[in-house]
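Any read-out appearing in this document is the output of simple, stated calculations on the displayed coordinates, not a laboratory observation. Fair warning: this is a prediction, and the values are worked out from it, not measured in the lab. Cβ placement follows ideal geometry from the backbone for every residue including glycine, while neighbour counts extend to all protein chains displayed.
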Amino acid sequence: MDEEYDAIVLGTGLKECIISGMLSVSGKKVLHIDRNNYYGGESASLTPLEQLYEKFHGAQAKPQPEMGRGRDWNVDLIPKFLMANGPLVKLLIHTGVTRYLEFKSIEASFVVKGGKIYKVPADEMEALATSLMGMFEKRRFKKFLVWVQQFDENKPETWQGLDPHNQTMQQVYEKFGLDENTADFTGHALALYRDDEHKNQPFAPAVEKIRLYSDSLARYGKSPYLYPLYGLGELPQGFARLSAIYGGTYMLDKPVDEIVIENGKAIGVKCGDEIVRGKQIYCDPSYAKDRVKKTGQVVRAICLLNHPIPNTNDAQSCQIIIPQKQVGRHYDIYISCCSNTNMVTPKGWYLAMVSTTVETANPEAEVLPGLQLLGQIAEKFIQISDVYEPSDLGSESQIFISQSYDATTHFETTCKDVLNLFERGTTKEFDFTNITHLSLNDQE
């Protein structure tokens, strides 16, 4: 391997595959290596079901016979839903990865208040029909949604007396007379913030996020979220195919011994006796342990159910967010659920995941409020993962490291990190303006 690559990407997690696709499409010569013999790294999809049992309960553990054929299960270790109108879907369409994938809408999005599950009202009609709030609050909320839709940071006439540079989201809630409950589900279930810090910051980003939610909802109907059939494991493979079209090279099952540094700068990677040269390295934290710092932990409970989640109108797929205030926490609890309609389980079975950011010495107890909403659980697998982020931005060393996956059940934070990696590595933002706005249904 005498040639030099523009970029060597280590690990085939979602983030690494997306960045590899973006670099390839931008004309870079990319080599992509993974020490495992399967795609996905931490964010792999396990199939058949026996693989999941083996990973968590050891080689002797076997699923129950009533759980159907093992290969009808595709269990994502880190399930995340895609925002229909969000940057990742635009990126997928732009790069052509959607030719290899089929997506399906997630049926519903819920939020928990006072221990009960409510559908997230995301447009004016739903706002007036919801039982989440009283009649007068509904009207105020409707007014707020109308304002959000027409707000434009560059046109002061749309601000209605609110200044996006000097006023906070809390002040916006107050101006529209929205009570704490409404502010709670708006910030957490619509704008998808993980805590309440956004309330004290200038409001434009939050308004933008609420608008992304409703634009995404308008795109495909029932909820703003999409999910690939057969699970997220399909995504890295789609990107691998894409990269290959652009001349990228993929190597699985290739141990990486170290990143080779000369004069403080990465010049390649050492695999056994050979050194593969590359001008830049992009990788997940596990390939550069000496260059990352631990910032916390995430607890995830994968649950197999033989019924839909109660009180969700028998939704075949959904997301439920429990805002932190509802359970006296600092971080929200997330629940995602998929089923046979998403081709991740046999008929009659459901796959639910409850996740949150660890705050105590007893992480398993922290997901209890989520587990209690699921009804009878046939089998449960608990995973506690360390969360790492790079200790420097990589501009000196030319080693660009992604952050570990957080507890959210949607892709927004993942996307932000990938775009940030791209910008750090190429010193320019990824240009979305040249993306043709195709929908997933009408590709060229």
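If N is the number of residues in the chain, what value comes out of its Cα radius of gyration divided by 2.2 N^0.38 Å? Please list the in-between numbers first.
Numbers: Rg = 22.2 Å, N = 444, 2.2 N^0.38 = 22.3 Å.
Computed over Cα atoms of the chain, the ratio equals 0.99.
Would you mind checking which residues have amide H under 5 Å from TYR250's amide H? H placed 1.01 Å from N; only 5 or more apart, or other chain.
Amide H to amide H, under 5 Å and 5 or more residues apart or across chains, TYR250 pairs with HIS32.
Past the 26 Å Cα-Cα mark, which pairs from LYS325/LYS347; LYS80/LYS279; LYS113/LYS175; LYS90/LYS380; LYS113/LYS138; LYS80/LYS142? Show your work: numbers first, answer last.
On the way: LYS325/LYS347 36 Å; LYS80/LYS279 32 Å; LYS113/LYS175 23 Å; LYS90/LYS380 35 Å; LYS113/LYS138 16 Å; LYS80/LYS142 29 Å.
Exceeds cut-off: LYS325/LYS347; LYS80/LYS279; LYS90/LYS380; LYS80/LYS142.
Set Lys and Arg Cβ to +1 and Asp and Glu Cβ to -1, take the dipole of segment 120-220 about its Cα centre, and tell me which of LEU145, THR186, VAL207 lies farthest positive.
LEU145
Please list the non-local residues whose amide H lies under 5 Å from the amide H of GLY268, H modeled 1.01 Å from N, same-chain partners needing a gap of 5 or more.
VAL260, GLY278
Would you please give the residues with an amide H less than 5 Å from that of THR295, counting only those at least 5 places away or on a separate chain, with H modeled from the backbone geometry?
Result for THR295 returns VAL387, TYR388, GLU389.
According to the Kirkwood expression over distinct Cα-Cα pairs, how big is the hydrodynamic radius of segment 120-220, in Å? Can you show the working numbers first?
Working: mean 1/r = 0.0736 Å⁻¹.
Roughly 13.6 Å, rounded to one decimal.
Please give me, ordered by residue number, the trypsin sites (Lys or Arg not before Pro) of segment 258-357 that lie in loop per DSSP and have at most 10 other Cβ atoms within 10 Å. Working shown, then result.
Numbers: sites: LYS265, LYS270, ARG277, LYS279, LYS289, ARG291, LYS293, LYS294, ARG300, LYS325, ARG329, LYS347; in loops: ARG329, LYS347.
Filter output for segment 258-357: LYS347.
Identify the trypsin sites (Lys or Arg not before Pro) of segment 65-127 meeting these criteria: DSSP loop state and at most 11 other C-beta atoms within 10 Å of the C-beta. Kindly include the intermediate steps, with their values, before the conclusion.
Working: sites: ARG69, ARG71, LYS80, LYS90, ARG99, LYS104, LYS113, LYS116, LYS119; in loops: ARG69, LYS80.
Here the sparse-neighbourhood loop sites are ARG69.
Could you size up the charge dipole of segment 120-220 around its Cα centre, putting +1 on the beta carbon of Lys and Arg and -1 on that of Asp and Glu, and report it in debye to the nearest 20?
Values: 12 positive and 17 negative charges, 52 e Å.
With only Lys, Arg, Asp and Glu charged at Cβ, the dipole is about 240 debye.
May I ask you to list the GluC sites (Glu not before Pro) in segment 1-67 that are in a DSSP loop and have at most 11 other Cβ atoms within 10 Å of their Cβ?
Numbers: sites: GLU3, GLU4, GLU16, GLU42, GLU50, GLU54, GLU66; in loops: GLU3.
Answer by residue number: GLU3.
Could you let me know the centre-to-centre spacing of segment 119-160 and segment 59-113, using Cα atoms, in angstrom?
30 Å
I need the phi-derived Karplus couplings for segment 76-85: 6.51 cos²θ - 1.76 cosθ + 1.60, θ = phi - 60°, integer Hz, Gly and Pro marked x.
7, 5, 9, x, 9, 8, 9, 6, 3, 10
Dipole size in debye (nearest 20) for the chain around its Cα centre, Lys and Arg Cβ +1, Asp and Glu Cβ -1? Intermediate results must be reported in sequence, preceding the final value.
Values: 46 positive and 58 negative charges, 179 e Å.
So the dipole magnitude of the chain works out to roughly 860 debye.
Can you work out ³J(HN,Hα) from phi for every residue in segment 208-219, in order, using Karplus 6.51 cos²θ - 1.76 cosθ + 1.60 and θ = phi - 60°, giving whole Hz and x for Gly and Pro?
Going residue by residue, I get 4, 5, 5, 5, 4, 4, 6, 5, 5, 5, 5, 6 Hz, with x marking Gly and Pro.
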